[in-house]
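Undergrad: This is the structure I want to talk about, given as structure tokens.
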Amino acid sequence: MHKLYKILLLGLAAGILNAIPMVFLDSDWQAVAAVLLHWLGLGIIIAYARMPLESWATGMFIAILTSLPLGILLHPGNALGVLQVLGFALVLGGLLGYTAERLIAEQP
């Protein structure tokens with residue numbers, strides 16, 4: 001399987017994991033679609049990012065930076081909702097960075 005397809009599947013899996021609680025909490029479909037697309041794009045960004053950090057830390061850092069504006073837009077005036085988005089970003093970003101390095105990286 002091509003490397004880009006694997007990355008897109010990992011991003012889609014992270015997006016689905018983040019969207020499942022939103023569906024059960026009756027969030028708008030636009031918010032769920034935005035979260036899915038956000039993680040789909042983050043899968044590509046995290047997999048190709050080169051930073052002087054471990055892969056999981058790079059994933060966490062990039063996910064926090066890109067999820068903060070999304071959390072503010074999704075939960076205006078609700079600090080607990082923003083913290084929930086940032087918590088998901090920490091966990092899923094770290095997992096995405098770790099798995100992208102282990103499963104997708106070029107084998108010597």
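The values are calculated or read from the model by the stated rules, or taken from the named source; none is laboratory data. All values derive from a computational prediction rather than experimental measurement. Every residue, glycine as well, gets a Cβ built from its backbone with ideal geometry; the counts of neighbours run over all protein chains shown. Just so you know, the surface numbers come from the protein's heavy atoms only, side chains and all, with ligands and any DNA or RNA stripped out. Shrake-Rupley method; radii C 1.70, N 1.55, O 1.52, S 1.80 Å.
Undergrad: Quick check on my filter: what residues within the stretch 59-71 are surrounded by 15 or more Cβ atoms within 10 Å (Cβ to Cβ) and more than 12 Å from the chain's Cα centre (by Cα)?
TA: Going residue by residue through the stretch 59-71, those that are surrounded by 15 or more Cβ atoms within 10 Å (Cβ to Cβ) are 59-64, 66-67, 70-71.
Result: GLY71, single match.
Undergrad: Confirm whether ILE20 is within 15 Å of the chain's Cα centre (by Cα), open to solvent by 20 Å² or more (accessible area, probe 1.4 Å) and modelled with pLDDT of 95 or more.
TA: So ILE20 fails the test.
Undergrad: Tally the residues that are under 12 Å from the mean Cα position of the chain (by Cα), open to solvent by less than 60 Å² (accessible area, probe 1.4 Å) and closer than 17 Å to LEU8 by Cβ, restricting the search to the stretch 81-99.
TA: 4
Undergrad: Inspect the stretch 3-14 for any residue being out of contact with any Leu (no Cβ under 7 Å at 6 or more places or on another chain) and basic (Lys, Arg) and give the result as yes or no.
TA: There is at least one residue in the stretch 3-14 that is out of contact with any Leu (no Cβ under 7 Å at 6 or more places or on another chain) and basic (Lys, Arg).
Undergrad: Can you tell me which of (1) within 25 Å of MET1 (Cβ to Cβ); (2) open to solvent by 20 Å² or more (accessible area, probe 1.4 Å); (3) of a type outside the set (A, V, I, L, M) is the one ASN78 doesn't meet?
TA: Against the list (1) within 25 Å of MET1 (Cβ to Cβ); (2) open to solvent by 20 Å² or more (accessible area, probe 1.4 Å); (3) of a type outside the set (A, V, I, L, M), ASN78 comes up short only on (1).
Undergrad: Of all residues in the stretch 27-52, how many are hydrophobic (A, V, I, L, M, F, W, C) and exposed (fewer than 14 other Cβ atoms within 10 Å of the Cβ)?
TA: Counting residues in the stretch 27-52 that are hydrophobic (A, V, I, L, M, F, W, C) and exposed (fewer than 14 other Cβ atoms within 10 Å of the Cβ) gives 4.
Undergrad: Right, another one. Can you list residue pairs whose Cβ atoms sit under 9 Å apart, with the first residue in the stretch 26-47 being within 11 Å of GLY93 (Cα to Cα) and the second being of a type in the set (Asp, Glu)? Count only pairs 6 or more apart in sequence or on different chains.
TA: ALA47/GLU101
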